[in-house]
1. For the range 1-58 and the range 216-251, write down the distance between their C-alpha centroids in whole Å.
2. From the residues Gly50, Thr189, Val29, which one has its Cα farthest along the dipole of the chain in the positive direction, the dipole being from +1 and -1 charges on Cβ of Lys/Arg and Asp/Glu about the Cα centre?
3. What does the charge dipole of the chain about its Cα centre add up to, to the nearest 20 debye, if the Cβ of each Lys and Arg holds +1 and the Cβ of each Asp and Glu holds -1?
4. About the Cα centre, and with charges only on the beta carbon of Lys, Arg (+1) and Asp, Glu (-1), how big is the dipole of the range 16-135? Nearest 20 debye, please.
5. What's the center-to-center distance, using Cα atoms, between the range 175-215 and the range 99-139 in Å?
6. Per residue, what accessible area does the chain have, given a 1.4 Å probe and all protein chains present, in Å²?
7. Give me the distance in nm between label points sitting 7 Å out from Cα along the Cα-to-Cβ direction at Arg241 and Ala146, one decimal.
8. Roughly to the nearest percent, how much of the accessible area of the range 105-200 is carbon and sulfur, given a 1.4 Å probe?
Amino acid sequence: DIPDSGTQEIATFEKLELKNLSFKYATSVSDVLTDVNLTIHAGETIGIVGPVGAGKTTLLQLICRLHPAPAGSVLINGIDVADVKRASFTNTVSYVTQDVFLFSESIAQNVALGIPAFPGIEPVTEAARVVNIDDEIQRIPNRYDALLGERGVNLSGGQKQRLTIARALIRRSSLVMLDDSLSAVDGSTERAITNELRQESNRRTVVLVSHRLATLKHADRIVVMNKGRIEAIGTHENLVRTCETYRRINE
């Protein structure tokens, strides 16, 4: 619903800056986020963790322009996100939400959603293999041409989640944000996905929200959020020693 008033384009992702970011929904009495400051550089893997209601999802949605952020508080490559053309922004950023949504199209078309021209079946199957769903698709009648019901009602929760992650992988976006999107996958699939995202040959910047600390242990930095604020930033080992909220989540 936010008008596309941006005039600038970004060719490659360099850094994301959050500067004194505070935000309140129209229906909220108090701020959901308060004075959030964070810089994420190209190639980093950043984990975000915190109790329910800490503001993690709202933070990602503000980065993705799903809500209007205060001017100058969310910058990509030094440019306010509101000043970036929507098409240029969406070519750079992929966001996998908690609410999985699949359309009444074929499996292949759902995976390739957002790519202007269908890339062919091989990139689709490659992305499906990474998220460990290709074998299951091969057992479905019509395989990748099989039509899905609205919101993927003929698939399990884990299958739907893996297909939406494949949708992000196939686009090879410079910045990938996963909002608790690995909760329904097993450990080996989770490792395959995170390894794919961190490959040096096609290194992407990854922002990973998760309640499973095993998912975040190998992040370059972990951001601990609590009550709409950043409580601490550090590695897993450092936070276990120094951050009470992180220790409680780790128990």
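1. So the separation of the two Cα centres works out to 18 Å.
2. Result: Gly50, furthest along the dipole toward the positive end.
3. Dipole size: approximately 320 debye.
4. Dipole size: approximately 380 debye.
5. One Cα centre to the other: 18 Å.
6. I get 48 Å² per residue for this part.
7. That separation, rounded to one decimal, is 5.0 nm.
8. Reported share for carbon and sulfur atoms: 48 percent.
The values are calculated or read from the model by the stated rules, or taken from the named source; none is laboratory data. The model shown is predicted, which means the values in this text are computed figures rather than measured ones. Every residue, glycine among them, receives a Cβ derived from its backbone with ideal geometry; neighbour counts consider all protein chains shown. Quick note on the areas: whole protein, heavy atoms, side chains included, nothing else; ligands and nucleic acids left out. Shrake-Rupley method; radii C 1.70, N 1.55, O 1.52, S 1.80 Å.
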